[in-house]
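The values are calculated or read from the model by the stated rules, or taken from the named source; none is laboratory data. Nothing here was measured: the structure is a model prediction, and the numbers come from that model. When we count neighbours, we look across all protein chains shown, and the Cβ atoms used for this are built from the backbone with ideal geometry, even at glycine.
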Amino acid sequence: MTAVLWRTADLFAVLAGVALFVIVAVTTTNTGAFILDRITGPLGVDVPGLPGYEDFVQLAISGIALMFFPFCQANRGHVSVDLFMERLPERVQGAVDKLWLLLTAGMAVFLAYWMVQGLIEAREDGAVTSVLGWSVWPFYIPGILSMALWGLVALVQIRGDLRHG
């Protein structure tokens, strides 16, 4: 079961990386259009940017950023300060680590809950982007799944499976 969880965290990170690549490609294209427009503008040639660029990037990045959290947790890649903790006995270090893992899992579930509430509200309100007119609520789903996966990874780590291999 743990291996499936680690692989799922890996998959989320890979999908987020691919989506980031798409964002970079769209941003590069839009920037290139802007530069070409500046160059060709005096000649009377208009080179428009991508319509709805900001809508796409805003919606895409909101879920993508959260998709890296489970992978980071699985690899214990979050920032920690060990200046004080390294001086304590190993049993105390282990207990504090498990407490923080439990708090992390709780926080991830808390955030997932509120994201579900946000999804419901956005769907009921019929919230759409200003330029493209895309519904906003589906873009909550990757973040909700990421928060749930992050919480599961932290809970599994309490059991002792600290890192994925």
Pick out the one residue from VAL18, VAL26, VAL4, VAL22 that is β-branched (Val, Ile, Thr), closer than 22 Å to PRO138 by Cβ and either in a loop (DSSP other than H, G, I, E, B) or free of Cβ contacts under 8 Å to residues at least 24 places away in the same chain (or both).
VAL18
I'm told PHE21 meets every condition in (1) under 30 Å from LEU152 (Cα atoms); (2) more than 24 Å from the chain's Cα centre (by Cα) except one. Can you identify the failing condition by its number?
(2)
What tally of residues in the stretch 104-126 results from selecting those that are within 30 Å of PRO51 (Cα to Cα), surrounded by 14 or more Cβ atoms within 10 Å (Cβ to Cβ) and hydrophobic (A, V, I, L, M, F, W, C)?
4
Within the group ASP125, ASP82, which residue is among the acidic types (Asp, Glu) and at pLDDT 95 or above?
ASP125
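Residues that are more than 15 Å from the chain's Cα centre (by Cα): which helices (runs of 4 or more DSSP H) entirely in the stretch 53-165 hold 2 or more of them?
Because the criterion is at least 2 residues that are more than 15 Å from the chain's Cα centre (by Cα), the helices (runs of 4 or more DSSP H) in the stretch 53-165 that meet it are 53-67, 90-125, 141-158.
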